[in-house]
Amino acid sequence: MRIRWGLAPVIALLMIAQPMEAQWFSIGLRGSGSVPTGAFADNAVSSTVATINGARSGFGYGLDLGLGIGMVGLYGGFDHIKFDCQILACAAEGKYTLSGVSAGLKLAPFRRSLLSPFIKSGVTFNELQGGYGGTEPHTLTSNRAPGYEVGTGIDVSVLGLLTLTPQVRYVGQQLKVRIPGVTAPPADGQGVNYLSFDLGLTVHTPFGSLRR
């Protein structure tokens, strides 16, 4: 798992160096359009070895929570995404369903403006379910393994406390799939990676100040 820890020292220095700012809390809902990448989108299939592939673009929804001081914050999120499946081995319904949670750091250096760009990086804990096997499908399930996400976006202030939040994220993870009657995949799992294009509506509320 390649989680980007390089930003941590920079963010720590910014938290120490910045003026004491108002604290803030946010909660929001978002819709997601997601595009699988790499082996997750590969059309190749094996009837004897468990594989996670053949995924097509999917749609889903999510929830975001945030808590911070000034331009630096912590975030937590939830994702639920359904990907179509385009290979013959998929069940008739042709869906992969991914769900899980995430947490990390969000840096927004221009939070006081109407347009507030940000970057974010965190760890994810997702699992995958689906159908496999055509006319007699098996249930495909995976473990819930840690992965990572990196993203960027912009908060657009609307009527003060509300913000529209378009963002793009890349999610990378290795999941171990289980399919009854099919040989297990390699011990290190398989890549279930995707790009997510999100649009959210967030309530952003300052709740205090550290100024004296």
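Restricting the search to segment 142-156, which residues are surrounded by fewer than 17 Cβ atoms within 10 Å (Cβ to Cβ) and more than 21 Å from SER99 (Cβ to Cβ)?
Matches in segment 142-156: THR152, ILE154, VAL156.
Could you tell me which residue of segment 43-78 is nearest to THR205 (Cα to Cα), considering only residues that are at pLDDT below 85 and crowded, with 17+ Cβ neighbours inside 10 Å?
Looking at the filtered set, the residue picked out is GLY70.
Matching residues to (1) under 21 Å from GLN174 (Cα atoms); (2) modelled with pLDDT under 85; (3) part of a strand (DSSP E or B):
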residue: LYS82; (1), (2), (3): yes, no, yes
residue: LEU88; (1), (2), (3): no, yes, no
residue: SER102; (1), (2), (3): yes, no, yes
residue: LYS106; (1), (2), (3): no, no, yes
residue: PHE118; (1), (2), (3): no, no, yes
residue: GLU127; (1), (2), (3): yes, no, yes
residue: PRO146; (1), (2), (3): yes, no, yes
residue: ASP155; (1), (2), (3): no, no, yes
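The values are calculated or read from the model by the stated rules, or taken from the named source; none is laboratory data. Just so it is clear, the model here is predicted, and its values are computed rather than measured. Virtual Cβ from ideal backbone geometry, glycine too; neighbours counted across all protein chains shown.
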